[in-house]
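Read the structure below first, then the notes.
Rule-based calculations on the coordinates, nothing more; no lab input. All figures in this text were calculated on a predicted structure; none of them were measured in a lab. Heads up, the Cβs are rebuilt from the backbone with ideal geometry, glycines too, and the neighbour counts pull from every protein chain shown.
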């Protein structure tokens, strides 16, 4: 009987207990799963945001530096030597840890008419900063590179995809900034190579939750960073996967800015959390197995099974204990007591169930707190490792909650601001800007950034603050001291206001200041425009060192003039603009006369310093400085026409005499070539004007050798290939010199072509046959004949008969065959 009662009690109590425990278990599991999913999503979102900020910070800094360099490159390409570009680029690479290299790349023949490629480049190699021009050649051909072609096509800042550089074993991305001249024409680009090794380190070091992995892909699906670096080096695409569910997840990722997706691998559910990193469309993807995310749920299940077993055991022992102690009593008493015991048992069962519920709730709370603590510590650790700056946690109403990271540059101790409102700690103008961006973050959900000045004693510092939303009631504010970068950019801008040759202000500064000077208090105000005559002729004849010396001499005269000018600028290669406040026509003309008088006593290699002037007086605001400059420039060019003929003719004479003084043999050679050309022209029955013209061309055909080094012209041995290429430049130099003189354009063309060949293999243009001017074909024959029959620095003269055979042998290849036949028969006899 009692066994029967005992069994009935067990059959009633145990199912009830099981139902209560299972319901509690089911509710706890659902709650725990929701909490785990939410925590996983929020932590991954925070870490995605951190990585996005790091990459965008470096990219924004690189874009700003490239913009400043592009302004400099657009105004300085005609004025600076290649070494000066290296001087500008070296501190950019040295002083910015994330920059691996920087270069300036100009359009073909822009910097130097005889040089197609001009691309100075500076890069890091270990601890060294190395300059190079190794990429300025046809093998590399930077015109065909993506960074160059994209900048030229869009005329905007462009970024290449991240790529793995085999030479440096680093990941990098290139920012390309178009370089425009003052007219807005594309003349090249500036590149800044940004190292992204931190991105691969982030991917390699990060372990998402338990068994997760991380990768970064481009907008077309190519792996940019992955735990398996072979995927990056071999440029594998996510679309190469044979897993159809994975490809469906990829399609969702590529079509959305951020979110999560799932796919199945080996019958296992995998969760993907993703976010778009920047405007380039990169995606950072966190891959976490579902089993890893729900690991705490499995632990919770084990705990419930243990509790369930213990509860069954406890109830069974209780029932057996009660029935054993009432077996000797009468049935009636036993039944009465059994009823009482049943009531007590029921109450005990209820209390036990309540106790179990309380235990489950406490266990759930403990699990939640442990999970929060784990993720909080993990988040803080990741943040500290990834960001070298000071990180503030601020509430939605603007109260400082915490501070981690770099505390060395804080202006207050932590105790002085934690728990206080930002308005009570920092200056009002910074606090107001900070409150505005915090409100914007919660209003738009987008990250915000501000820059501000901080006066620290006698110094002014510049800081950047980036604000990111964290949960629904807090933000993370990342502060960085950008004083060095700010000052460096300002220094570059200051340099860009000065002409590096003369030390005067440049056109950029003149355009900036002209509006400030055009004020009623400065009227009448004179605008003077001057042009340094013959600068191009001096550069072509004697080299740019002499041309620079001429510029410096004139700049010194301007700076030391009797009346102090309010603004002096070099606004072009040989052009200068001057502004005099409160200066009428009489004052201006006296100022110009004094400048001309001082220039008369200055000479450069025998050539007198000559300057043409024009001016315009601004009497009221109806005439702008820009229009006044145009009027002054027009007057200057008109005056230049009156002065140019005699001056240029005299300059040509000085250049020719200088050449003959350097090499008397050249004077004798030119005289003989002129005489033989005259004789041949007469035999060809040319007109008197043509005879004079070809004699003049023969006399001037080697004038370009003034630009060739004297030791090269007189070298006794054979020339190297480089030396021969240098000698060949003399025909182009001669052409440029003669083209500056009036009425000499036809003779300049003859001088340019006198080393062309009948078969088109000559220089500098490779012309052939009758495309070569007649007089140039005649000079080619006479020049070769005289060269063979005269003593040279490297050999003795050849006989006339030997020269005759050489000419006949070259007929039809080097020389015009009909002219050779005429020269041999009619001139040589």
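The table for this structure:
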| quantity | calculated |
| --- | --- |
| Per-pair calculated FRET efficiency, R0 = 30 Å: residue 790 and residue 769 via Cβ, rounded to 0.05 | 0.60 |
| Residues of segment 111-127 with amide N under 18 Å of the 7 Å Cα→Cβ point at residue 140 | 111-112, 115-126 |
| Stretchable slack from residue 584 to residue 94, in nm (0.36 nm times residue separation minus alpha-carbon distance) | 171.2 nm |
| Pairwise FRET efficiency - residue 661 versus residue 600, Cβ, R0 = 25 Å, nearest 0.05 | 0.55 |
| Estimated distance in nm for a label pair at residue 619 and residue 351, the labels positioned 7 Å out from Cα along Cα-to-Cβ | 11.4 nm |
| Extension gain from residue 722 to residue 78, taking 0.36 nm per residue of separation minus the Cα-Cα distance | 229.4 nm |
| Separation of the residue 412 and residue 229 label points, Cα + 7 Å toward Cβ, nm | 4.5 nm |
| Residue 372 paired with residue 745, simple spin-label distance in nm, labels 7 Å along Cα-to-beta-carbon | 8.7 nm |
| Förster radius 30 Å - calculated FRET efficiency between residue 149 and residue 458, Cβ distance, rounded to 0.05 | 0.05 |
| Full-stretch length increase - residue 545, residue 711 - with 0.36 nm per residue and alpha-carbon distance subtracted | 58.0 nm |
| Residues 170, 700 arranged by fewest to most Cβ contacts within 10 Å | 170, 700 |
| Ranked 142, 239, 498, criterion: other C-beta atoms within 10 Å, fewest first | 239, 498, 142 |
| Residue order, fewest to most beta carbons within 10 Å, for 452, 637, 147 | 637, 452, 147 |
| Tail fraction, Cα-Cα pairs, segment 520-602, threshold 17 Å, whole percent | 49 percent |
| Cut-off 14 Å, label 7 Å out along Cα→Cβ of residue 170, residues of segment 94-111 by amide N | 94-103 |
| Alpha carbon centroid spacing (whole Å) that separates segment 414-473 from segment 492-553 | 45 Å |
